[in-house]
1. Kindly work out what percent of the DSSP beta bridges joining two residues of the chain are antiparallel, to the nearest 5.
2. What are the lysines whose alpha-carbon lies under 18 Å from the alpha-carbon of Lys95, with same-chain residues fewer than 8 places away excluded?
3. Under the Kirkwood approximation for Rh and a Cα-based Rg, what ratio Rg/Rh is obtained for region 96-191?
4. Is the shape of region 105-260 rounded, prolate or oblate, going by the alpha carbon gyration tensor and its root eigenvalues a ≥ b ≥ c, with a/c under 1.5 for rounded and a/b larger than b/c for prolate?
5. Would you be so kind as to identify which of Asn43, Leu69, Gly144 lies farthest towards the positive end of the dipole of region 2-259, taking Lys and Arg as +1 and Asp and Glu as -1 on Cβ and the Cα centre as origin?
6. Using the crude model of +1 on Lys and Arg Cβ and -1 on Asp and Glu Cβ, and no other charge, please compute the dipole size for the chain relative to its Cα centre, in debye to 20.
7. Stick to the Cα atoms of region 1-102, pair each with every other, and give me the Kirkwood hydrodynamic radius in Å at one decimal.
8. Got a sec? Charge dipole of the chain, +1 on Cβ for Lys and Arg, -1 for Asp and Glu; which of Ile108, Thr97, Gly155 is way out at the positive end?
Amino acid sequence: MKYRLYVDEVGNPDLKSSENEEHRFLCLAGVAFRLDYTADVLNPELEDMKKRYFDSHPDEPVILHRKELLHKKHPFSNLKDPEVLKKFNEELIEKLTGWEYTVFAILIDKKEHDERYSTWKYDPYHYCQEILIERFRLFLDIKGSKGDIMVESRGGKEDMRLKESFRRIMDNGTHNLSSEDLKSHFTSLELKVKPKTANISGLQIADLIAHPSRRWFFKNVLGMDDGKVTFEDEIVRIIESNKFFRYKGKIYGYGTKKLP
């Protein structure tokens, strides 16, 4: 039984942008699926939804993307019809509730990180990735399984940076885990990077989960409640209810972690 952690991010890792409140936070969200479950359940059901609502075709697959869905841009213009939107949202919530997956989310306050470590500047993405890997490793240990990690391609130089960061962690270990320990739990020492056009179901779910995961932090950890009630709050309710990874009954520190 093998698991894959599909990872998406909200925000950017640039420390220079930490003073800007709109870019102060970086959140990495990972969604773990069993690979056999992805093939047998997730992918067929997700493709069926996309075919029925957006006329997705194997030759020209529709790729779910949160921003495009939110703004109802092509190929999601069908959602401008209130009835279609209602049905799609209800089915999406039903699927996100019923599918079997586990969520991990790491949030870093880049401004606080920059101020606290005025000399030692640890790359925010690398820092978040390291903590995410530690949590996923604990999950794999509990499951008695092995796994790997996949992210969506950002382009040449950025992809190389992500791969090098991951390989450095695998080769050197983390502050809490040795390289040997990590290598005994991961089936690949390389980060898997796939383009959006590859139509990876797990990456599309990670894209839908990442923003609500950050919203969970804003409300529950940082006390930044905007007072709005949005569709994302339905997703927050789902992942908080039974999708965030728990260890000894605790979400915070395991399924979720705020840095520094």
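Coordinate-derived values only; no laboratory data. The model shown is predicted, which means the values in this text are computed figures rather than measured ones. Don't worry about glycine lacking a Cβ; one is built from the backbone with ideal geometry, like all the others, and counts go over all protein chains shown.
1. Here the antiparallel bridges make up roughly 55 percent for the chain.
2. Lys50, Lys51, Lys86, Lys87, Lys243
3. Values: Rg = 14.6 Å, Rh = 14.8 Å.
Rounded to two decimals, Rg/Rh equals 0.99.
4. rounded
5. Gly144
6. Roughly 400 debye for the chain.
7. Roughly 15.9 Å, rounded to one decimal.
8. About the Cα centre, the residue reaching furthest to the positive side is Ile108.
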